[in-house]
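Before any comments, here is the structure.
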Amino acid sequence: MTARRFLRDNGLGLAFGTAFVLALIGQAFAGHADFNNQLVADDLQPISVGDYMASSDFAVDVMENWQSEYLQFFLYVFLTVWLVQRGSPESKSLDRIGVESDEDQQVGPHARPDSPRWAAAGGIRLKVYASSLGQAMGAIFVLSWLAQSVTGVSAYNEEQLRQLQAPTSWREYIVSADFWDRTLQNWQSEFIAIASMAILSIYLRQRGSPESKPVGAPHHSTGVEG
């Protein structure tokens, strides 16, 4: 495989992977500058970029964004099995609500020669594989939310100690206003983003995008990609 073909075949993943790395680096430098400004205001010694990236303050900012993104995907993957939105390309067709038949899903005896092996299998392997995407998204969400709570309580206690106040336990922190403020401000943005995409794509178009209907498709067309 030539380099040009590899780049073409993996362009979407490579583009977003590169954007992720650049954004993470940018967040590290911007967060470091802001963190040092707070330290100076508290008459404390500034720290290096490396020390900041190894700190709980940087980790909690990263994790609180990760968990909200994976919650979005987890809910979207599962809810779109049963919920539809008339006219949206983000929705299945109105007559395909539910898990669909084995024939429609090309599993078991209806699997194609080039289908994944677990799709052609039966029993527990097929059940696991048939919901593996949602399970993976859900697992990453839970792990990143747990990481947010652990790094969050550490960052919170550092701030408490700088202000000569008593630290708090992990159990106290996960029911605290600080934890839920960090959590819910990200959740609400994810939910409105999904709703906006599902509804605006009924009436608006982006030519050539699989997230949009064909430009000439009627507004009521559902589950049709451009």
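Brief remarks on what is shown
- Any hit, the range 99-107, residues being closer than 22 Å to GLY138 by Cα, in the same structural domain as GLU211 (by TED's automatic domain parsing) and touching a Lys or Arg at 6+ places or on another chain (Cβ under 7 Å): no
- Those residues of the range 35-81 which are under 25 Å from ASN186 (Cβ atoms), hydroxyl-bearing (Ser, Thr, Tyr) and not in a helix (DSSP H, G or I), in sequence order: SER55
- Among the residues listed as ARG117, ARG182, the single one being open to solvent by less than 80 Å² (accessible area, probe 1.4 Å) and among the basic types (Lys, Arg): ARG182
- Taken over the range 80-94, the criterion of being exposed (fewer than 15 other Cβ atoms within 10 Å of the Cβ) and touching a helix residue (DSSP H, G or I) at 6+ places or on another chain (Cβ under 9 Å) is satisfied by ARG86 alone.
- Residue within the range 193-201 that is more than 22 Å from TRP66 (Cβ to Cβ), open to solvent by 40 Å² or more (accessible area, probe 1.4 Å) and out of contact with any helix residue (DSSP H, G or I) (no Cβ under 7 Å at 6 or more places or on another chain) present: yes
- Pairs linking a residue in the range 113-127 that is over 17 Å from GLU103 (Cβ atoms) to a residue that is among the aliphatic types (A, V, I, L, M), with Cβ atoms under 8 Å and 6 or more positions apart or on different chains, are TRP118/LEU126; TRP118/VAL128.
- Number of the exception - GLY152 against (1) out of contact with any Phe, Trp or Tyr (no Cβ under 8 Å at 6 or more places or on another chain); (2) touching a residue at least 60 places away in the same chain (Cβ under 8 Å); (3) within 21 Å of TRP170 (Cα to Cα): (1)
- Flag: PHE16 matches the condition of being free of Cβ contacts under 8 Å to residues at least 60 places away in the same chain, within 21 Å of ASN186 (Cα to Cα) and either open to solvent by 80 Å² or more (accessible area, probe 1.4 Å) or in the same structural domain as ALA155 (by TED's automatic domain parsing) (or both).
- Pick from the range 19-57, criterion of a type in the set (S, T, N, Q) and open to solvent by 70 Å² or more (accessible area, probe 1.4 Å), ranking: nearest to TYR156 (Cα to Cα): GLN38
- Condition met for GLN72 (of a type outside the set (Val, Ile, Thr) and either over 25 Å from the mean Cα position of the chain (by Cα) or over 30 Å from ARG205 (Cα atoms) (or both)): no
- Scanning the range 128-150 for residues that are of a type in the set (Val, Ile, Thr) and over 12 Å from SER68 (Cα atoms), we see that the one that is most open to solvent (accessible area, probe 1.4 Å) is VAL150.
- For the range 82-108, filtering for residues that are within 21 Å of GLY123 (Cα to Cα) and part of a helix (DSSP H, G or I) leaves 5.
- Residue count, the range 111-131 (criterion: farther than 20 Å from LEU75 by Cβ and not in a helix (DSSP H, G or I)): 8
- Of all residues in the range 56-70, those that are in contact (Cβ under 8 Å) with a residue 12 or more places away in the chain have Cβ atoms under 7 Å from Cβ atoms of residues that are of a type in the set (D, E, K, R), 6 or more apart or on another chain, in SER56/GLU158; GLU64/ARG182; SER68/GLU190; GLU69/GLU190.
The values are calculated or read from the model by the stated rules, or taken from the named source; none is laboratory data. Worth saying up front: this structure is predicted, and the values here are computed from it rather than measured. Cβ: placed from backbone, ideal geometry, glycine included. Neighbour counts: every protein chain shown. Keep in mind that these areas ignore ligands, DNA and RNA; they rest on the heavy atoms of the full protein, side chains included. Shrake-Rupley method; radii C 1.70, N 1.55, O 1.52, S 1.80 Å.
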